[in-house]
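*Asks:* My structure is below; once you've seen it, I'll send some questions.
The values are calculated or read from the model by the stated rules, or taken from the named source; none is laboratory data. Remember, predicted model here, so these are calculated numbers, not experimental data. All Cβ positions, glycine included, derive from the backbone under ideal geometry; neighbour counts span all protein chains shown.
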Amino acid sequence: MQPVSRLEEIDLFRGIAILMMVVFHTVFDLSFFALYPVDVSTGFWRYFAYATASLFLLVVGVSLVVSHDRAASKLSGFPLAKKFLLRGAGIFGLGLLVTFATWWYLHEGYVIFGILHLIGVSVALSPLFFRFKKWNIALGLACIMMGWVITGLGGPVFLLPLGFMPPGFTSVDYTPFFPWFGMVLIGLGTGEFLYAGGVRQFSIGPLPGFFVAPLSFIGRHSLVIYLVHQPVIILLLALVTGTQVL
């Protein structure tokens with residue numbers, strides 16, 4: 001097995017997560033713009049949103065293990081860590097663009113620390129956690145439990161990224177470090193079981209192309225799709241319903 005080959009099942013699961021995200025954000029927009037009476041804050045859609053974010057962040061963690069172990073064959077020390085610091089900074093920078101765009105469009109409820117911000121920070125911090133290998137699963141569970149403790153506690157705005165929310169805070173996308181970094185850590189630990197050395201540690205039969213190929217394509221282009229999907233959804237809703245949502 002060639003270590004430089006893409007792992008199609010990772011692209012597949014990333015594509016599934018992106019597709020779930022598009023579905024949820026479509027339903028969210030129907031509710032947000034009062035186009036259809038659906039409650040996304042409780043019940044099925046709330047848990048669907050949790051499942052979507054969890055799957056996406058788990059795949060981030062697993063992918064980081066593959067990327068790290070393959071890069072470690074050529075790099076070590078600070079140059080290896082720098083690769084993830086720069087990648088994380090780039091993703092965080094895209095998160096800041098989302099912050100600006102939502103502030104300009106919404107003014108209230110804009111994204112201060114959403115999933116792109118979290119992924120950027122997670123990628124930048126990952127060199128500190130690769131050494132723990134499978135123990136990252138335990139660290140991830142501890143991080144999630146810390147999130148449960150923090151949830152509901154008030155705090156100043158500058159602690160928002162950690163999960164402390166000031167009274168009256170609202171956001172269309174809020175993915176704080178606690179508990180959500182825990183899902184990335186669980187992904188790091190899981191990746192050590194499944195892809196140690198950046199190589200698949202299990203056998204897999206041929207996947208049905210008619211099902212896998214489109215989702216894998218989405219998974220390979222997940223960042224671009226994430227950045228453009230909301231404007232596209234809003235535009236389509238405006239065209240289909242004839243409602244002024246722009």
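*Asks:* Collect the residues in the stretch 181-198 that are under 16 Å from the mean Cα position of the chain (by Cα) and either over 14 Å from Ala138 (Cα atoms) or of a type in the set (Val, Ile, Thr) (or both), keeping them in residue-number order.
*Replies:* Val184, Ile186
*Asks:* Only one residue in Arg14, Arg87 is crowded, with 18+ Cβ neighbours inside 10 Å, within 15 Å of the chain's Cα centre (by Cα) and charged (D, E, K, R), so which one is that? It would help to see each step written out before you state the result.
*Replies:* Numbers: Arg87 fails: crowded, with 18+ Cβ neighbours inside 10 Å.
On inspection, the qualifying residue turns out to be Arg14.
*Asks:* Quick one: would you say Leu30 is closer than 18 Å to His117 by Cα and outside any loop (DSSP other than H, G, I, E, B)?
*Replies:* Working: closer than 18 Å to His117 by Cα: no; outside any loop (DSSP other than H, G, I, E, B): yes.
No; evaluated as a whole, the condition is false for this residue.
*Asks:* With Pro231, Pro206, Pro214 as the choices, which residue is surrounded by fewer than 17 Cβ atoms within 10 Å (Cβ to Cβ), not small (Gly, Ala, Ser) and not in a helix (DSSP H, G or I)?
*Replies:* Numbers: Pro231 fails: not in a helix (DSSP H, G or I); Pro214 fails: not in a helix (DSSP H, G or I).
Unique residue meeting the criteria: Pro206.
*Asks:* Restricting to the stretch 68-85, name every residue that is farther than 14 Å from Leu125 by Cα and either among the charged types (D, E, K, R) or part of a helix (DSSP H, G or I) (or both).
*Replies:* Narrowing the stretch 68-85 to residues farther than 14 Å from Leu125 by Cα: 69-77, 79.
If the condition is that a residue be farther than 14 Å from Leu125 by Cα and either among the charged types (D, E, K, R) or part of a helix (DSSP H, G or I) (or both), then Asp69, Arg70, Ala71, Lys74, Gly77, Pro79 are the ones that fit.
*Asks:* Identify all residues within the stretch 165-218 that are in contact (Cβ under 8 Å) with a residue 60 or more places away in the chain and polar (S, T, N, Q); write none if there are none.
*Replies:* Thr170, Ser171, Thr175, Thr190, Ser216
*Asks:* Give the number of residues within the stretch 95-122 that are touching a residue at least 40 places away in the same chain (Cβ under 8 Å), of a type outside the set (A, V, I, L, M, F, W, C), closer than 19 Å to Phe169 by Cβ and in a helix (DSSP H, G or I).
*Replies:* The qualifying residues number 2.
*Asks:* Still on this structure, please answer the following. I need every pair where a residue in the stretch 149-164 that is buried (at least 17 other Cβ atoms within 10 Å of the Cβ) has its Cβ under 8 Å from the Cβ of a residue that is hydroxyl-bearing (Ser, Thr, Tyr) and modelled with pLDDT under 90, sequence separation at least 6 or different chains.
*Replies:* Here the result reads Gly163/Thr151, each pair linking the stretch 149-164 to a residue that is hydroxyl-bearing (Ser, Thr, Tyr) and modelled with pLDDT under 90.
Residues checked against (1) touching a Gly at 6+ places or on another chain (Cβ under 9 Å); (2) of a type in the set (Phe, Trp, Tyr); (3) on the phi > 0 side of the Ramachandran plot:
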| position | (1), (2), (3) |
| --- | --- |
| Thr26 | no, no, no |
| Asp29 | no, no, no |
| Ala71 | yes, no, no |
| Phe92 | yes, yes, no |
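*Asks:* Let me ask something additional. Can you tell me which residues in the stretch 33-50 are of a type outside the set (A, V, I, L, M), assigned to a loop (DSSP other than H, G, I, E, B) and either in contact with a Gly (Cβ under 8 Å, 6 or more places away or on another chain) or surrounded by 11 or more Cβ atoms within 10 Å (Cβ to Cβ) (or both)? Lay out the reasoning, then the answer.
*Replies:* Looking only at the stretch 33-50, we keep the residues that are of a type outside the set (A, V, I, L, M), and these are 33, 36-37, 39, 41-48, 50.
The next check asks that each one be assigned to a loop (DSSP other than H, G, I, E, B); those that pass are 33, 36-37, 39, 41-42.
Matches in the stretch 33-50: Phe33, Tyr36, Asp39.
*Asks:* Further, regarding this structure: Residues that are at negative phi, part of a loop (DSSP other than H, G, I, E, B) and hydroxyl-bearing (Ser, Thr, Tyr): does the stretch 123-142 have at least one? Outline the logic, then answer.
*Replies:* Going through the stretch 123-142, the residues at negative phi turn out to be 123-132, 134-142.
From what is left, the residues that are part of a loop (DSSP other than H, G, I, E, B) are 129.
Checking the rest, the ones that are also hydroxyl-bearing (Ser, Thr, Tyr) come to none.
For the stretch 123-142, residues at negative phi, part of a loop (DSSP other than H, G, I, E, B) and hydroxyl-bearing (Ser, Thr, Tyr): absent.
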